[in-house]
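Notes to accompany the following structure.
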Amino acid sequence: MYRIVEKQVLSDVTKLMVVEAPQIARKARAGQFIIVLMHDKGERIPLTIADYDRDAGTITMIFQEVGKSTMQMGTMEVGDEFKTIVGPLGHPTEIESYGKVMCVGGGVGIAPVYPIARELKEAGNYVISVIGARTKELLLWEDKMRAVSDELIVTTDDGSHGRKALVTVPIKEILEAQPGQIAKIWAIGPAIMMKFVAATTKPFNVPTVVSLNTIMVDGTGMCGGCRVLTEEGAKFVCVDGPEFDAQTVDWNSLLSRMAFYRSEEAEAVERWRNTHQCKLTGAVAKGAE
Amino acid sequence: MAELTKKERMKIPRQDMPVQKADDRVKNFNEVALGFTLELARKEAERCLQCKEPKCMEGCPVEVSIPEFIEAVRSGDMTEAVRIMKDKNNLPAICGRVCPQEVQCESRCILGKKGEPVAIGRIERFVGDFELDCSTCQIGRGPSTGKKVAVVGSGPASLTCAVDLARMGHDVTIFESLHTPGGVLVYGIPEFRLPKAVIRAEIETAAKALAIEILTDHVIGRTLTIDELAAEHDAIFLGTGAGLPMFMRIPGINLNGVMSANEFLTRVNLMRGYQFPEFDTPVKIGNKVAVIGAGNVAMDSARCSLRLQSLRSKNGQPEGEVHIVYRRSPAEVPARLEEVHHAQEEGVIFDFLTNPVEIIGDEKGAVRAMRCIRMELGEPDASGRRSPVPIKGSEFEMEVDQVIMALGTSPNPLVFINAGGLERSRHGTVVANQETGRTTMKGVWAGGDVVTGAATVISAMGAGKRAAADIDRYLKGESSW
């Protein structure tokens, strides 16, 4: 169960995996997420669904190696199995015919924005996509995004590909150039990026939806660890979200909560490197503990 | 052993169960109560008067033949004791540990009128543990009826219902949302009260013997819906419990360091956070922890906190403080007396008649203190308990760096996505007939916390048992909907 059938190394730290999960593939819709657990000693990690193939019974996930668990996941290969994948969780994106819409993806956030852009396009919307990353190396799925967008703007922080800018720059230009024409915006990426996208779109009064990826344990409403402060009080990202109106989110509270386990994360990474990474070559040993 | 007279039996004192000493146990997550030896079990069994009209059984929600199994233990026939037990209760090692016997079977024991009741729970646990070691009893599956039943959830209500239905010959599939079966038994109750190995062994034994299929990672409402299950099964039992945590509506609940007891206990128990970093899930422990509430979940949270503080400290001694903050007085504490005793022995500090009104953070968004107000008891409320009333001007600040909310839970609404005609109360619980467990949706039964709100393991088991009996009657055509 939950066998990896395809693996792509998108960058040194970004991996794509296609995994057998027929029940999830059958139900998955844009905007939803899964929880994965590698092994008996592992932790449950929420990941957005980047794509799904109902006929093949597979789902696609893309992750960045930022902590011990994702580093270990990066060492898994085709044929390896996850102990648990559960989903699809959270509310799907509300896909309608809105007219002209914008889809913004930053870093690995491009992956979950892709199915949203695709479904919006299929629903008859004119889709303008803005995707960005720190460097060209970290930019993913440019071709796939181009295929489902009427217009595509690419940015990198260092200018190594596309325009040298943060995603907020073209967003602002488009909103200024086409006043009142963009019906809705979806933005997915690092929390700090989403915070600034929210600030950018606010003066234009364009409904802006963000997809939050907070700390979770079960992902089904049981622990409440994922709660986020909104204007309507505390909400659970796992069952009330993961999508929220960007203007109602208390971003400072969110950013502070996401850093809560930072010291433990650093400790786990250190331990992982000491036990699995070759000190001479940097090569990483494969994962079973 | 020679037969004793009634008088002689009544002279035997109630046998204490060996326990880890408070000073030792607070440094580890091993089981606190170590269980009877055969000798102790038989000695305790000698105390039973074998009443002609036993009252103890009336106090047992699953109607175990208590005097009979105690008699079997007394005579040393453990195989027979197991057989009698498993006729009604397939999870004796679990129930022997977590049932509140003092308000159930033992509260009715005739010996309790003048002295101390027979320690039924401890003998039950001994029988359960014996069977886990020796596997003497093969519970059998009845002749196949060809009927398919979906059981949603794998906590006490669901497990009991599933086992009874399988014994009656129905094909049972359990759908569990987490990666391990057991529900609240695995995510809520700590290792030191109910070891995971005991739960796993009891569930695996029953599932194997009865060919019950357990599908983990199935979130009903998302992975599959009730409507979809209904299309493929002849009956559905909903035993999804009350898993949604409640938070106080006060300022500061989103600060770092404030968490639900569910999150804290799930990290510690299910995910084994106390063994971080060997296990990947971290759990934070403060120097001064306040647990809000005084139910069993609050006691579990406080006692886990003490242990985590000991594990963290360099010299292995508990470092820091753990407080139970409760707005009512000691008389209203809802937790089992035994749990309160254990918590007190281990060093938990109780702040009664105290209610938080605000949680205060530092400049980094972490908990720094809690503003509380003193309470006094006023008139009895709807629950019959004297309701706490704030004392004007009594506000004070309590320095804390972690706040665990153990205020109760309500049913998880996910399961009700695409669930035809399932009616719910305004508290979010499922409306079901108390005797039969029938809901307002044809072919769907419910029982346990999802119907009653958070209650006890054994009452959930009783509901599972009653529902199984009614499902059986319905599937056999003896009773129409």
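Ranked by how many other Cβ atoms sit within 10 Å of their own Cβ, fewest first, the residues A:Ser129, B:Ser144 fall in the order B:Ser144, A:Ser129.
Given a cut-off of 27 Å, name the pairs among B:Lys43/B:Lys114; B:Lys6/B:Lys113; A:Lys164/B:Lys364 whose C-alpha atoms lie farther apart than that in the structure shown. A:Lys164/B:Lys364, as the Cα separations exceed 27 Å there. Counting Lys and Arg as +1 and Asp and Glu as -1 over every other residue whose Cβ lies under 14 Å from the Cβ of A:Val206, the net charge comes to +1. Per-residue 3J(HN,Hα) values for the range A:149-155, derived from phi via the Karplus relation 6.51 cos²θ - 1.76 cosθ + 1.60 with θ = phi - 60°, read 10, 7, 9, 10, 10, 10, 10 Hz in sequence order (x marks Gly and Pro). How large is log10 of I(q)/I(0) for chain B at q = 0.07, 0.11 Å⁻¹ when the intensity is taken from the Debye formula with one equal scatterer per alpha-carbon? Listed by q, the Debye log ratios stand at -0.39, -0.97.
The alpha carbons of the range B:127-205 occupy a box of 41, 32, 16 Å along the principal axes, longest dimension given first. Using alpha carbons only, the radius of gyration of the range B:371-481 set against its Kirkwood radius gives Rg/Rh = 1.17.
When the Gaussian network model of chain A links Cα atoms closer than 10 Å, the mean-square fluctuations of A:Glu243, A:Glu119, A:Glu270 top out at A:Glu270. The calculated Kirkwood hydrodynamic radius for chain A is 19.5 Å, given to one decimal from all distinct C-alpha pairs.
Using every pair of distinct Cα positions in the protein assembly as shown, the Kirkwood expression returns a hydrodynamic radius of 28.2 angstrom.
Placing +1 on the Cβ of every Lys and Arg and -1 on the Cβ of every Asp and Glu, with nothing else charged, gives chain B a dipole about its Cα centre of roughly 600 debye. Of all lysines in the structure, those lying under 28 Å Cα to Cα from A:Lys83, and not within fewer than 8 positions of it along the same chain, are A:Lys7, A:Lys15, A:Lys27, A:Lys41, A:Lys68, A:Lys286, B:Lys148, B:Lys196, B:Lys208, B:Lys284. Only Lys, Arg, Asp and Glu carry charge here, each on its Cβ (+1 for the first two, -1 for the last two); on that basis the range A:94-239 has a dipole of about 220 debye about its Cα centre. For chain A, relative contact order (Cα pairs under 8 Å, six or more residues apart, normalised by length) works out to 16 percent.
Looking at chain A alone, DSSP beta bridges between its own residues are antiparallel in about 60 percent of cases.
Note down the net charge around A:Leu37, summing +1 for each Lys or Arg and -1 for each Asp or Glu among other residues with Cβ under 12 Å from its Cβ.
Working: positive: A:Lys41, A:Arg44, A:Lys83; negative: A:Asp40, A:Glu43, A:Glu81, A:Asp218, B:Asp217, B:Asp280.
Surrounding charge for A:Leu37 is -3.
Take every DSSP beta bridge whose two residues both sit in chain B; close to 40 percent of them are antiparallel.
Under 17 Å of direct C-alpha separation, and excluding same-chain neighbours fewer than eight residues apart, A:Lys121 reaches these lysines: A:Lys100, A:Lys144, A:Lys184.
The GluC sites (Glu not before Pro) of the range B:278-344 that meet both conditions, a loop assignment by DSSP and at most 10 other Cβ atoms within 10 Å of the site Cβ, are B:Glu278.
Take every Cα pair under 8 Å in the range A:1-80 that's 6+ residues apart, average their separations, divide by the length, and report that relative contact order as a whole percent. For the range A:1-80, the relative contact order is 34 percent. Take each residue in B:275-285, count the other chain C-beta atoms within 10 Å of its C-beta, and the mean is 6.
Here, the range A:72-199 has an Rg and a Dmax of 15.7, 51 Å when only alpha carbons are counted. Remark: relative contact order (the range B:99-224) = 23 percent; criterion is Cα-Cα distance under 8 angstrom and separation of 6 or more residues. Tell me the mean residue ellipticity at 222 nm calculated for the protein assembly as shown from its helices only (DSSP H runs of n ≥ 4, each -39500 (n - 2.57), averaged over every residue, nearest 500). Only helices count here, giving -9000 deg cm²/dmol. When the Cα positions of B:Asn296, B:Pro282, B:Met375 are compared along the charge dipole of the range B:279-398, B:Pro282 comes out farthest toward the positive end, with charges on each C-beta of Lys, Arg, Asp and Glu. Along the charge dipole of the range B:348-411, Cβ charges K/R +1 and D/E -1, which of B:Gly408, B:Val348, B:Met398 sits furthest on the positive end? The residue sitting farthest along the positive end of the dipole is B:Gly408.
A cut-off of 5 Å between modelled amide H atoms, ignoring neighbours fewer than 5 places along the same chain, links B:Thr409 with B:Ala454. Other residues with beta-carbon under 15 Å from the beta-carbon of B:Gly453 carry, at +1 per Lys or Arg and -1 per Asp or Glu, a net charge of +1. Out of all DSSP beta bridges in the protein assembly as shown, what portion is antiparallel? Express it as a percent rounded to 5. Approximately 50 percent, going by the DSSP bridge assignments. When the Cα positions of A:Ala117, B:Gly437, A:Tyr52 are compared along the charge dipole of the protein assembly as shown, B:Gly437 comes out farthest toward the positive end, with charges on each C-beta of Lys, Arg, Asp and Glu.
Residues whose amide H lies under 5 Å from that of B:Thr216, counting only those 5 or more places away or on a different chain, are B:Glu176; hydrogens are built 1.01 Å from N in the peptide plane. The range B:138-190 and the range B:17-31 have Cα centres separated by 32 Å.
Taken together, the values in this text are just the output of simple stated rules run on the coordinates, not laboratory data. Just so it is clear, the model here is predicted, and its values are computed rather than measured. With ideal geometry, Cβ positions are generated from the backbone for all residues, glycine too; neighbour counts draw on all protein chains shown.
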